[in-house]
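The values are calculated or read from the model by the stated rules, or taken from the named source; none is laboratory data. The shown structure was predicted, so the numbers you read here are calculated from the model rather than taken from an experiment. Because the Cβ atoms are built from the backbone with ideal geometry, glycine has one as well, and the counts that use them run over all protein chains shown. Areas reflect the complete protein model, heavy atoms only, side chains present, ligands, DNA and RNA absent. Shrake-Rupley method; radii C 1.70, N 1.55, O 1.52, S 1.80 Å.
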Amino acid sequence: MTPTIPGFDHVRLPGADGVELSALVGGHGSPVVLLHGFPQTRLMWRHVAPLLAGGHTVICPDLRGYGDSDKPAATGPGVYAKRAMAADVVSAAAALGHDRFALVGHDRGALVAFRAGLDHPGTVSHLGILDVVPTLDMWDVLRGVSAAVGYHLFLMAQPPGLPETLIGNSPDAFFGSFLDAWAGDPAALPGPVRAAYLRASAAAVPSIVADYRASAGIDVTHDRADLDAGTRLAMPVTVVQQDWGARLGYDAAGVWREWAPDLDHRLTGAGHFMAEEAPEEIASAVRALLAR
């Protein structure tokens, strides 16, 4: 049996362009949408979501192309652009009656949340980002041998065919390697959860690759256009991340300050899967964000 979030209901919600998202919804109060990362599903919020549900309606969707959500064919670069994935989230929340909500994303979900904040400033009231830098900046900070930590970004940026074949030939080894390498506390990813992530990822190789390929193309174009136009995140923003600046030699807080004038930048001692390794810390950061 696939693990779930106790006390949360499963719903199917309309995204953009006919795509449907699968989501878990629970709690009562002002809405908070939580977006998962790679190679995960909405299950990554199984500890944080209940901590927030006492005072908020918490919505945990699987992103387009992941988990139990629709996985449309990548017939063009825009299908998995973060702009399209952000539009999914706005549409899904609206279907639940929420035309304004707080948004928190981890990893890939954080890039979707970032794009939603730029494209829908009247809809996203507060923005939380876990362990990424914006796409445009990501490519700038990955330099020299230190870029090896992000080798998968370069692999999945290749033209259609090769990465899908290589990953599809051994999906558990590929996706499992990130669960192993990025976990500060392996016990935070128990066997049933790890198995659920691997099953979901193996069933979504083409769409996961398409998501990453978009971040080497159309997402960069969109970020560059906003940067050049002076578009910035208008809402309060909290960023929680590992000390990647020290590891890769850049000013992480400075990078985010270029995009987010109202910024609370925090470093954590947890690993990449911080919502699972340090749920109380992440829930506390979200509560502090919502109080701003």
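For this structure, a couple of remarks:
- Contacts under 8 angstrom Cβ, first residue in the range 221-245 being open to solvent by 70 Å² or more (accessible area, probe 1.4 Å), partner at pLDDT 95 or above and part of a loop (DSSP other than H, G, I, E, B), 6 or more apart: Arg232/Ala260; Arg232/Pro261; Ala234/Pro121
- Matching residues in the range 1-14 - criterion: being under 30 Å from Trp182 (Cα atoms) and either open to solvent by 10 Å² or more (accessible area, probe 1.4 Å) or out of contact with any helix residue (DSSP H, G or I) (no Cβ under 7 Å at 6 or more places or on another chain) (or both): Met1, Thr2, Pro3, Thr4, Pro6, Gly7, Phe8, Asp9, His10
- Selected residue (criterion: farthest from the chain's Cα centre (by Cα)) from residues of the range 103-133 that are small (Gly, Ala, Ser) and surrounded by 23 or more Cβ atoms within 10 Å (Cβ to Cβ): Gly117
- Annotation for the range 188-203: no member residue is crowded, with 19+ Cβ neighbours inside 10 Å and assigned to a strand (DSSP E or B).
- Of the strands (runs of 3 or more DSSP E) lying entirely inside the range 1-92, those containing at least 1 residues that are charged (D, E, K, R) span 9-14, 20-27.
- Given (1) in contact (Cβ under 8 Å) with a residue 40 or more places away in the chain; (2) open to solvent by 10 Å² or more (accessible area, probe 1.4 Å), number of the condition Asp88 does not satisfy: (2)
- Criterion (under 21 Å from Trp259 (Cα atoms) and open to solvent by 40 Å² or more (accessible area, probe 1.4 Å)) met by exactly one of Asp185, Asp140: Asp140
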